[in-house]
Structures are given as structure tokens and as C-alpha cells.
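A.B. asks: Sharing a structure here in C-alpha cells format.
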Amino acid sequence: MSHSCLFCRIVAGEIPAQICYSNEHVLAFADIKPVAPVHLLVIPKQHIASLSQLQPNHSNMLAAWMLAIQKVAHDHHLDAAGYRVVVNTGPQAGQEVPHLHAHILGDRQITWPPG
Ligand code: 5GP
Ligand code: ZN
């Protein structure tokens, strides 16, 4: 846990969040500035700065992360209409919080290409 990291502090319960799912490896909560009617973040509880920092020994967490994304989207009734999963990585992608996270965006038409 990094005390200077916003999402580590949410994992630790030091900063409140609207949590919708938690297990051994991952936490899911509502984005504070939603850009879609459903906008959730799914993060590993372990501090990993970004996708570019992943290592082969993270494979258990990675499986749990992707399955949690699937479950949270399902629980929010997004399967039929579809949804987008986004992992901004690094400055040119607009990553603002340096703790690995997936955005789940749903309940509106999402366009391609992204901005
Ligand atoms: P990024 O741009 O790094 O991919 O996305 C970071 C996301 O975290 C943004 O969508 C932003 O709204 C969200 N965020 C930033 N601070 C907080 C916070 O304190 N609580 C919650 N729930 N979300 C946050
Ligand atoms: Zn962190």
C-alpha cells in the first residue's frame, strides 16, 4: 500500500468510495466524475502503477481482475446492450491516477474511435 496513492487509500478505507464489489484481489467502485450513466472503476488491491508495470507473477490477480470486470458489468445489467472497458496507460492516454484501473462505461452508446 502506498499512502500517497489515492486508490490505495480507497482500498485501505481512508477515502470513501461507492464500492460495488470486493474480493481478495480487486475492488470496484463508482467513478467520482462519471462520463456515462454507468461508470465504474475496477482496480487491483495491490499497488501496480499501470498496465506497463505488470509482471508474469501478477497472473492470479489479472485473472481475478478480468473476471471481476465481467461480474460487475453483468451485475449492472450491461451484458445485453454492451459496454466498454478502458485501461488508460501513461500520459498520452490520459492516465491521471497511477494505480492500475479499468473503467467500465455503459448504459449509453459509446463511439469509436475514442477522443
Ligand atoms: P484515468 O484518467 O487515470 O484513467 O482515470 C482516473 C479516474 O479516477 C477518473 O475517471 C476520475 O474521475 C476518477 N477519480 C479521481 N479521483 C477519484 C476519487 O477520489 N474517487 C473516485 N471514486 N474516483 C476518482
Ligand atoms: Zn496505489
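A.B. asks: Could you pull out the residue among Val35, Val42 that is of a type outside the set (Asp, Glu) and open to solvent by less than 50 Å² (accessible area, probe 1.4 Å)? It would help to see each step written out before you state the result.
C.D. replies: On the way: Val35 fails: open to solvent by less than 50 Å² (accessible area, probe 1.4 Å).
When all the criteria are applied, what remains is Val42.
A.B. asks: Does Ser2 count as at pLDDT below 95, more than 11 Å from ligand 1 (Cβ to nearest atom) and not aliphatic (A, V, I, L, M)?
C.D. replies: So Ser2 fits the description; yes.
A.B. asks: So, in segment 19-57, exactly how many residues are in contact (Cβ under 8 Å) with a residue 12 or more places away in the chain and part of a helix (DSSP H, G or I)?
C.D. replies: Matching residues across segment 19-57 total 3.
A.B. asks: Collect the residues in segment 1-18 that are in contact (Cβ under 8 Å) with a residue 40 or more places away in the chain and either farther than 9 Å from Lys45 by Cα or more than 10 Å from ligand 2 (Cβ to nearest atom) (or both), keeping them in residue-number order.
C.D. replies: From segment 1-18, those in contact (Cβ under 8 Å) with a residue 40 or more places away in the chain are 1-2, 5-8; that's our starting set.
Listed by number, the residues that qualify are Ser2, Cys5, Leu6.
A.B. asks: Can I ask one more? Given the conditions (1) among the small types (Gly, Ala, Ser); (2) under 13 Å from the mean Cα position of the chain (by Cα); (3) away from ligand 2 (no atom under 16 Å from the Cβ), and given that Ser50 satisfies all but one, which numbered condition is not satisfied?
C.D. replies: So the condition that Ser50 fails would be (3).
A.B. asks: While we're on this one: Would you point out the residue of segment 53-76, among those that are closer than 20 Å to Ala17 by Cα and small (Gly, Ala, Ser), that is nearest to the chain's Cα centre (by Cα)?
C.D. replies: Ala68
A.B. asks: Determine whether Leu105 is crowded, with 16+ Cβ neighbours inside 10 Å and more than 16 Å from ligand 2 (Cβ to nearest atom).
C.D. replies: yes
A.B. asks: Right, something else. Considering every residue within segment 62-85, establish whether at least one is over 28 Å from Ile110 (Cα atoms), surrounded by fewer than 18 Cβ atoms within 10 Å (Cβ to Cβ) and touching a residue at least 24 places away in the same chain (Cβ under 8 Å).
C.D. replies: The answer is no; no qualifying residue exists.
A.B. asks: Out of Ala36, Ala49, I need the residue that is under 17 Å from Leu105 (Cβ atoms), at pLDDT 95 or above and not acidic (Asp, Glu). Which one?
C.D. replies: That would be Ala36, the only listed residue that is under 17 Å from Leu105 (Cβ atoms), at pLDDT 95 or above and not acidic (Asp, Glu).
The values are calculated or read from the model by the stated rules, or taken from the named source; none is laboratory data. This structure is a prediction, so every number in the text was calculated from the model and none was measured. Counting neighbours? That spans all protein chains shown, and the Cβs are built from the backbone with ideal geometry, glycine included. Heads up: the accessible areas ignore ligands, DNA and RNA and are worked out on the full protein's heavy atoms, side chains in. Shrake-Rupley method; radii C 1.70, N 1.55, O 1.52, S 1.80 Å.
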